[in-house]
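A quick write-up on the structure given underneath.
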Amino acid sequence: MKWVIDASVAAKWLAPEPDSPQAAALLDDDLIVPDLLYVEVGNILWKRQMRGEMNASTAQVAARWLMQVPMAVHESAGLLADALALALRLQHPAYDCLYLALAQREGVPLITADRRFHARCHADDAAGLHQHVSLLGQR
């Protein structure tokens, strides 16, 4: 199967979290991501270090491992206009909407572990977007 995944899913590969097994199962599929994913996961790794949840060497190993995961990477710049339109429509941050814009462009579902974003895409005023976004563990 082919999916767009966001940083909330990729982060579950790097440290045990709820739904980590479901995230790991996606590693066998064809994954599509915007290049923003690497920046967001880097920030997640930094936060884990700052909270004392992960040491620096573990974070470095995780970052190097992530770079080896086979994913089709798309430039965020080419998605920006569509992501901005979605962000304005949803009144939700544009960086999350980059993933949704990519899913729409590629015609494949977006898998996210971000419950707030998932709920926003399934709200009554987001007609037509629910079909593009699935919550990890509920696909």
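Can you report the number of residues in the range 12-33 which are at pLDDT below 95 and of a type in the set (D, E, K, R)?
2
Go through the range 31-53 and count every residue that is farther than 27 Å from ALA83 by Cα and of a type in the set (Val, Ile, Thr).
The initial filter retains those residues of the range 31-53 that are farther than 27 Å from ALA83 by Cα, namely 48-53.
After this cut, where a residue has to be of a type in the set (Val, Ile, Thr) as well, the list is none.
The number of residues fulfilling the criteria is 0.
What number of residues within the range 109-131 satisfy the criterion of being closer than 15 Å to VAL33 by Cα and surrounded by fewer than 18 Cβ atoms within 10 Å (Cβ to Cβ)? Lay out the reasoning, then the answer.
Looking only at the range 109-131, we keep the residues that are closer than 15 Å to VAL33 by Cα, and these are 109-113.
Within this subset, residues satisfying the condition of being surrounded by fewer than 18 Cβ atoms within 10 Å (Cβ to Cβ) are 109.
The qualifying residues number 1.
Specify which of the listed residues (VAL73, VAL41) is more than 18 Å from VAL133 (Cα to Cα) and either among the basic types (Lys, Arg) or in a helix (DSSP H, G or I) (or both).
VAL41
Given (1) assigned to a helix (DSSP H, G or I); (2) surrounded by fewer than 19 Cβ atoms within 10 Å (Cβ to Cβ), where does LEU26 come up short, assuming only one miss?
All conditions pass for LEU26, except number (2).
Output the number of the condition that ALA59 fails; it satisfies all remaining conditions of (1) outside any helix (DSSP H, G or I); (2) more than 15 Å from LEU110 (Cβ to Cβ); (3) touching a helix residue (DSSP H, G or I) at 6+ places or on another chain (Cβ under 6 Å).
Unmet condition: (1).
Picking from ALA10, ALA83, ALA87, ALA103, which residue would you name as being surrounded by 15 or more Cβ atoms within 10 Å (Cβ to Cβ), touching a strand residue (DSSP E or B) at 6+ places or on another chain (Cβ under 8 Å), part of a helix (DSSP H, G or I) and free of Cβ contacts under 8 Å to residues at least 60 places away in the same chain? Walk me through it before giving the result.
Numbers: ALA83 fails: touching a strand residue (DSSP E or B) at 6+ places or on another chain (Cβ under 8 Å); ALA87 fails: touching a strand residue (DSSP E or B) at 6+ places or on another chain (Cβ under 8 Å); ALA103 fails: free of Cβ contacts under 8 Å to residues at least 60 places away in the same chain.
Testing whether each residue is surrounded by 15 or more Cβ atoms within 10 Å (Cβ to Cβ), touching a strand residue (DSSP E or B) at 6+ places or on another chain (Cβ under 8 Å), part of a helix (DSSP H, G or I) and free of Cβ contacts under 8 Å to residues at least 60 places away in the same chain leaves just ALA10.
Is it the case that some residue within the range 21-30 is under 25 Å from LEU80 (Cβ atoms) and not charged (D, E, K, R)?
Let us first name the residues in the range 21-30 that are under 25 Å from LEU80 (Cβ atoms), namely 30.
Keeping just the survivors that are not charged (D, E, K, R) gives none.
Within the range 21-30 (the criterion being under 25 Å from LEU80 (Cβ atoms) and not charged (D, E, K, R)), the answer is no, since none of the residues qualifies.
Take the residues in the range 121-139 that are under 15 Å from the mean Cα position of the chain (by Cα) and in a helix (DSSP H, G or I); name whichever of them is nearest to GLN22 (Cα to Cα).
HIS132
Looking at the range 65-108 only, could you name the residues that are under 20 Å from ARG120 (Cβ atoms) and of a type in the set (Val, Ile, Thr)?
Correct list: VAL108 only.
The values are calculated or read from the model by the stated rules, or taken from the named source; none is laboratory data. Nothing here was measured: the structure is a model prediction, and the numbers come from that model. A quick note on method: Cβ atoms are made from the backbone with ideal geometry, for glycine too, and the neighbour counts reach across all protein chains shown.
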